[in-house]
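S.K.: Before I ask anything, let me first share the structure, which is written out below as C-alpha cells.
The values are calculated or read from the model by the stated rules, or taken from the named source; none is laboratory data. Worth saying up front: this structure is predicted, and the values here are computed from it rather than measured. Here the Cβ is made from the backbone with ideal geometry for all residues, glycine too, and neighbour counts use every protein chain on show. Each accessible area value is taken on the protein alone, full model and side chains, heavy atoms only, with ligands, DNA and RNA left out. Shrake-Rupley method; radii C 1.70, N 1.55, O 1.52, S 1.80 Å.
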Amino acid sequence: MAEQSKASENLWLLDGLEDFCHYSSMLIKQNRRTLAILSKDLDALLYGTPDFVDAISAFSRSSRHTHIQILIKDTRPAIESGHLLIRLAQKLTAKILVRKMTVEPNNKDMAFILGDTDKLLYKNNDAAYRGFFNNNAARELKPLREEFNYLWQYAEPEPEFQLLYI
C-alpha cells in the first residue's frame, strides 16, 4: 500500500503492482501535454492493462498538442504478447511514438514515467514494484528528461511494431 512520505506531501512511496497501476493512471489523468515512458520490456502487468491503455488513449486524444514517447530496451515480450499499448500506438502513430533503445541508460534497472515537466513515477528496479510517485518533481525530473532525450536520440523504431498498409 502506498505511503505518503514524511519529507513531502507530494511524494508517495509505492510498494506493489496495485500502487503502480493506481499512480500511473493518476499521473496520466493529471497530465496536459507530454508523457515519456522508459521501460526494459514494457511490463504488460503495468503498461498493458485495459485501464492503463484507456488512460493513455484518452490522454492522447485530449488535445492536438499531446505527445507520448515510449522507450523499450527489450521489445521481444511486447511483440510476442500482442501488447495492448503497442496496438494503440499502431493506431495513433501521430501521437504515440515507440522506439527501441540502442544505448543503455545510466541506471539499467530503473523504469519511469515522466509527465509534463513535474510529474514522476519511478521504479527503482523494473523487475520489482518498488519506487515512488511525485506530482511536484520538477527538480528530480530534469536530469531524467535529459537522459531520456539522449536515449531517444539514439533509439530506433522497432520494425515489428510497424503496420503495413496495402
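S.K.: Only one of (1) surrounded by 17 or more Cβ atoms within 10 Å (Cβ to Cβ); (2) over 13 Å from the mean Cα position of the chain (by Cα); (3) at pLDDT 95 or above; (4) of a type outside the set (G, A, S) is not met by K95, so which one is it?
M.R.: (3)
S.K.: Just a yes or no: is a residue in region 3-22 closer than 20 Å to P157 by Cα, touching a residue at least 12 places away in the same chain (Cβ under 8 Å) and either open to solvent by less than 40 Å² (accessible area, probe 1.4 Å) or of a type in the set (A, V, I, L, M) (or both)?
M.R.: The first filter runs over region 3-22 and keeps only residues closer than 20 Å to P157 by Cα, leaving none.
No, region 3-22 contains no residue that is closer than 20 Å to P157 by Cα, touching a residue at least 12 places away in the same chain (Cβ under 8 Å) and either open to solvent by less than 40 Å² (accessible area, probe 1.4 Å) or of a type in the set (A, V, I, L, M) (or both).
S.K.: Follow-up. Just give me the residues in region 16-46 being of a type in the set (D, E) and over 16 Å from K119 (Cβ atoms), in sequence order. Quick ask: steps written out before the conclusion?
M.R.: Within region 16-46, the first condition is being of a type in the set (D, E), and the residues that meet it are 18-19, 41, 43.
Correct list: E18, D41, D43.
S.K.: Still on this structure: Could you grab me the full set of residues in region 128-163 that are open to solvent by 100 Å² or more (accessible area, probe 1.4 Å), assigned to a strand (DSSP E or B) and more than 18 Å from I68 (Cα to Cα)?
M.R.: The answer is R130, and nothing else.
S.K.: Now a separate question. Can you tell me how many residues in region 20-37 are in contact with a helix residue (DSSP H, G or I) (Cβ under 6 Å, 6 or more places away or on another chain) and of a type in the set (A, V, I, L, M)?
M.R.: Total meeting the criteria: 2.
S.K.: Just checking, does region 98-106 include any residue being more than 14 Å from the chain's Cα centre (by Cα) and either over 22 Å from F161 (Cβ atoms) or of a type in the set (F, W, Y) (or both)?
M.R.: yes
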